[in-house]
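Trainee: Quick one: the structure is below, and I'll ask about it shortly.
Every read-out reported here was derived from the displayed coordinates using simple, explicitly stated rules and does not represent laboratory data. The model shown is predicted, which means the values in this text are computed figures rather than measured ones. As a convention, Cβ positions derive from the backbone with ideal geometry for all residues, glycine included, and neighbour counts pool all protein chains shown.
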Amino acid sequence: MKKVADILSTILIVFLIVAIVTVLVLKLAFGAEMKAVVTPSMEPNLPVGSLIVIFPTDYDKINVGDDITFIRDKNLTLLTHRVISKDDTTKKLTTQGIANNTADKPTTYDNVLGKVRFCIPYLGYLIIWTNSTYGKAIAIVVIAVIVILSIVLGKSTPKKQKKKSSEDELAYETPNESEKNSKTSLESPSNGADNN
């Protein structure tokens, strides 16, 4: 049981460290954001449940055919669709989901978060799940159980090893009864008169 808990806790810790470092590096160094695809409007290129990585991009570097993420409305709803036309005088972009039949209302460049650079299938489900109240609760409970098991099982092992090592030390320091008797019998003749 201890090995299983150790393996699970190690995997969890490594995964969390890699995820945190990746997010921090992408965010701090490149200003990138990660979002989950929640609708099928961009399938098959960006399937539901995918994780997309969005990098801030200058207007001049956004081209027709690029997938961009932008703020769609006053409710700050994010949308990721393909650019189908650009108006350089007004800096407005018209987009459309590749699975949709109609184009979106044009949006200004000010509403654009950036261009989609990476899509990792299925990883977005983890974000969708952990963003729900139920998912957060389960994630916290699972992490807590693994940490507690790791601590409890980890504390029981060193005590046994420590006990064993202190018994070994005592064995070297304290002679047993047969050793005491043999020392006494060896010492007795030397205490007597010398026969030579």
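Trainee: Obtain the nm distance between the two label points defined at residue 118 and residue 73 by a simple spin-label model: each point lies 7 Å from its Cα along the Cα-to-C-beta direction.
Mentor: Calculated label separation equals 3.2 nm.
Trainee: For region 86-103, just list the computed ³J(HN,Hα) in residue order, Karplus coefficients 6.51, -1.76 and 1.60, θ = phi - 60°, integers in Hz, with x standing in for Gly and Pro.
Mentor: 10, 10, 5, 6, 9, 6, 9, 10, 9, 10, 7, x, 5, 9, 8, 8, 10, 7
Trainee: Would you mind computing, in nm to one decimal, how far apart the modelled labels at residue 8 and residue 87 are, each placed 7 Å from Cα along Cα→Cβ?
Mentor: The two pseudo-label positions are separated by 5.7 nm.
Trainee: Note down, for region 34-131, the three equivalent ellipsoid semi-axes (square root of 5 times each alpha carbon gyration tensor eigenvalue), biggest first, whole angstrom.
Mentor: 22, 13, 12
Trainee: Find how much the distance from residue 153 to residue 24 grows on full extension, using 0.36 nm per residue of separation minus their present alpha carbon separation; answer in nm with one decimal.
Mentor: The residue 153-residue 24 span can extend by a further 43.2 nm.
Trainee: Another question, then. Say the cut-off is 26 Å between C-alpha atoms; which of 35/86; 35/136; 3/27; 35/74 go over it?
Mentor: Values: 35/86 24 Å; 35/136 17 Å; 3/27 36 Å; 35/74 19 Å.
Violating the 26 Å limit, Cα to Cα: 3/27.
Trainee: Test of understanding: what is the full-extension gain from residue 15 to residue 101, defined as 0.36 nm times their sequence separation minus their Cα-Cα distance?
Mentor: Gain on extension, residue 15 to residue 101, equals 26.9 nm.
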